[in-house]
Amino acid sequence: MTPHLSVILSAYNEADNLHQGSMNVMVDYLKEKDFSWELVIVNDGSTDETSKLLHQFALGKPEIRVIDNPHMGKAAGIISGALAARGEIILFTDMDQATPIVELDKFLPKFKEGYSIVIGSRANREGAPMFRQILAQGQVIMRALILRLPFRDTQCGFKAFTHEAAKKIFILMNKINPPVVIIGPAVTPGFDVELLYLGRKMGYRIAEIPVSWRYQESRRVRFFKDMVDGLRGLFLVRLRSLTNAYKLA
């Protein structure tokens, strides 16, 4: 049976969050829903006990699937999970639950209104260091100038898609960005921007919804490198658009 909802998680060295019960919180929430669901968890080549803990957690639970990938980064993990997902609606979120899974309640009505993509917007970034807030504001300005994206927050790791929109967008993204094995933590600032750019280019209606968010220290975030990579990602999307790399079949 096709589940109504697929929840995608990309996990890299998440043993601490798993020990703290992050998966239990999500499953408890989903069990209360009156629709069918699945969890698709992509272990992104973790070097700690993440894979073991995930397989233990999924044991005897057919609604939970674990995919073991080599380490290719969070973006590749999300793409891998989205391509494997079967749900009518596909959500990706973070293992640390910086945006709590309960915020999905705000998203679901939007699909009934005819939206194909619904994204979270962290209106209140209380607790985030000043450098994170500066980086975020700079990204808003540059996204508008370079790509004319109208969104306040493209980088929130809480986004949902109809099955059709997810498959069409992520198949193309996987083709444009073939996954490669990497070493160490990695952030791909251009990933969220590119998928939203493609969503607009494909004509999908996109809703941006304010969500609760709490700052989580990330070993993946490095201010100057991420600032430069973010700008590079924006210009790369613009270049690909100008050179017709996003030509739709």
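The values are calculated or read from the model by the stated rules, or taken from the named source; none is laboratory data. All of these numbers come straight from a predicted model, not from anything done at the bench. Every residue, glycine among them, receives a Cβ derived from its backbone with ideal geometry; neighbour counts consider all protein chains shown.
Residues of the stretch 212-249 that are outside any helix (DSSP H, G or I), at pLDDT 80 or above and not hydrophobic (A, V, I, L, M, F, W, C): Ser212, Arg214, Thr243, Asn244, Tyr246, Lys247. A Cβ distance below 7 Å, combined with a sequence gap of six or more or placement on separate chains, defines the contacts here; from the stretch 137-165, residues that are under 24 Å from Arg214 (Cβ atoms) reach residues that are among the charged types (D, E, K, R) and assigned to a loop (DSSP other than H, G, I, E, B) in the pairs Val140/Arg152; Asp153/Arg122; Cys156/Arg122; Gly157/Asp94. Set side by side, the residues Gly114, Gly120 differ, and just one is in a loop (DSSP other than H, G, I, E, B), modelled with pLDDT of 95 or more and of a type in the set (Gly, Ala, Ser), which is Gly114. Pairs are defined by a Cβ separation below 6 Å, a sequence spacing of at least 6 or placement on different chains, a first member in the stretch 104-125 that is farther than 14 Å from Val211 by Cβ, and a second member that is in a loop (DSSP other than H, G, I, E, B) and modelled with pLDDT of 95 or more; the pairs so defined are Tyr115/Arg205; Ser116/Tyr204; Ser116/Arg205; Ile117/Tyr204. The set of residues in the stretch 72-93 that are crowded, with 21+ Cβ neighbours inside 10 Å, part of a loop (DSSP other than H, G, I, E, B) and either of a type in the set (Phe, Trp, Tyr) or on the phi < 0 side of the Ramachandran plot (or both) comprises Met72, Ala85, Gly87. The set of residues in the stretch 1-20 that are more than 17 Å from Gly157 (Cα to Cα), polar (S, T, N, Q) and either within 19 Å of the chain's Cα centre (by Cα) or not in a loop (DSSP other than H, G, I, E, B) (or both) contains only Asn13.
State whether one or more residues within the stretch 38-54 are farther than 24 Å from Ile117 by Cα, surrounded by fewer than 16 Cβ atoms within 10 Å (Cβ to Cβ) and touching a Gly at 6+ places or on another chain (Cβ under 8 Å). No - not one qualifying residue is present in the stretch 38-54. Note on the stretch 180-206: residues that are among the β-branched types (Val, Ile, Thr) and closer than 14 Å to Gly157 by Cβ total 3.
Name the single residue, out of those in the stretch 157-192 being within 15 Å of the chain's Cα centre (by Cα) and farther than 24 Å from Ile89 by Cβ, that is surrounded by the fewest Cβ atoms within 10 Å (Cβ to Cβ). Of everything passing the filter in the stretch 157-192, Ala186 is surrounded by the fewest Cβ atoms within 10 Å (Cβ to Cβ).
Taken over the stretch 144-187, the residue count meeting the criterion of being among the aromatic types (Phe, Trp, Tyr) and either at pLDDT below 95 or in a loop (DSSP other than H, G, I, E, B) (or both) is 2.
Taking each residue of the stretch 62-80 that is farther than 19 Å from Ile171 by Cβ and looking for partners that are in a helix (DSSP H, G or I) and of a type outside the set (A, V, I, L, M) with beta-carbon atoms closer than 8 Å, six or more apart or interchain, yields Ile64/Phe57; Val66/Ser51; Val66/His55; Asp68/Ser51.
Kindly indicate whether Ile209 is more than 13 Å from the chain's Cα centre (by Cα), over 21 Å from Arg86 (Cα atoms) and assigned to a strand (DSSP E or B).
It is true that Ile209 is more than 13 Å from the chain's Cα centre (by Cα), over 21 Å from Arg86 (Cα atoms) and assigned to a strand (DSSP E or B).
The set of residues from the stretch 188-206 being modelled with pLDDT under 95 and of a type in the set (Phe, Trp, Tyr) comprises just one member, Phe191. Just one residue in the set Leu5, Leu9 is closer than 12 Å to Met95 by Cβ, crowded, with 20+ Cβ neighbours inside 10 Å and in contact with an Asp or Glu (Cβ under 8 Å, 6 or more places away or on another chain); that residue is Leu9.
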